[in-house]
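Structure first, then comments.
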Amino acid sequence: MSATAPSPGILATIASVFRRNRTPCLVLNVIAVTLVVSYYQVPALAGFWESLGALKLRWSFAFSCVSTMFAAAVMPTFIQMAQGALPQEGKLKRLVLLMLFWGYRGMEIDLFYRLQGMIFGHGNDAATLVKKVVFDQFVASPLWFVPTYVIALRWVEMGGSWTRARASLDREFWTRTCPAVLVTNWLVWIPALALVYSLPAALQFPLFSVVMCCFILIVTVMARRK
């Protein structure tokens with residue numbers, strides 16, 4: 001077999017990920033479309049979005065830190081606790097570690113959006129949207145966002161021990177886990193980011209936060225059912 005060809009196991013994993021996640025991903029993008037349409041077509045809701053954008057401009061990275069921390073760490077943790085899906089031991093430490101990671105990741109993504117605006121501009125024409133989505137999902141995500149996200153989750157699972165987390169980064173991690181997460185990421189964020197980048201710069205991160213919150217909640221509920 002060619003060294004560059006994916007093994008049947010990897011293809012089977014990717015196909016399985018697609019089958020399991022296509023419905024929630026579709027739901028998420030329907031939500032994102034609804035939110036964007038509400039901004040452009042519903043004056044009352046447009047005012048709410050404008051207020052949210054003004055809040056984002058006022059608080060800058062503090063907004064991106066706190067909103068992502070809440071959407072991706074605090075809310076899912078409390079839902080899992082209500083479902084009885086978390087062990088009693090170590091819940092607080094796990095929550096703190098998740099908050100540390102997602103607070104940082106929120107600011108990092110906010111900075112990335114600003115850099116995209118500097119490089120490609122702030123237009124919402126098709127050419128600009130394609131450039132931003134392609135660079136986001138096929139350069140930044142495979143090289144940085146997805147691997148560091150999965151490594152961070154391993155670090156949380158290992159109780160904050162980098163030694164144990166690093167020991168778990170075996171061949172299975174790089175050839176099956178990361179590709180599977182990347183496919184899920186594409187299913188959600190390729191269409192969602194086209195909508196995010198179509199909004200004015202001040203509203204892009206607020207919409208990202210809402211979609212991220214819905215994504216984490218759906219994944220949390222699905223994981224509990226399974």
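The values are calculated or read from the model by the stated rules, or taken from the named source; none is laboratory data. Please read these numbers as outputs of a predicted model, since none were measured by experiment. Methodologically, a virtual Cβ is constructed for each residue, glycine included, from the backbone with ideal geometry; neighbour enumeration extends over all protein chains shown.
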Residue in region 110-126 that is surrounded by 13 or more Cβ atoms within 10 Å (Cβ to Cβ), hydrophobic (A, V, I, L, M, F, W, C) and over 20 Å from A72 (Cβ atoms) present: yes
Meets criteria (over 25 Å from N185 (Cβ atoms), over 18 Å from the mean Cα position of the chain (by Cα) and among the aliphatic types (A, V, I, L, M)) for A127: no
Odd one out for L129, checked against (1) surrounded by 18 or more Cβ atoms within 10 Å (Cβ to Cβ); (2) modelled with pLDDT under 90; (3) touching a Gly at 6+ places or on another chain (Cβ under 9 Å); (4) not basic (K, R): (2)
Number of the condition not met by A85 [criteria: (1) assigned to a helix (DSSP H, G or I); (2) exposed (fewer than 15 other Cβ atoms within 10 Å of the Cβ); (3) of a type outside the set (F, W, Y); (4) touching a residue at least 60 places away in the same chain (Cβ under 8 Å)]: (1)
Residue match in region 43-58 (condition: farther than 30 Å from L111 by Cβ and either modelled with pLDDT under 70 or not in a helix (DSSP H, G or I) (or both)): no
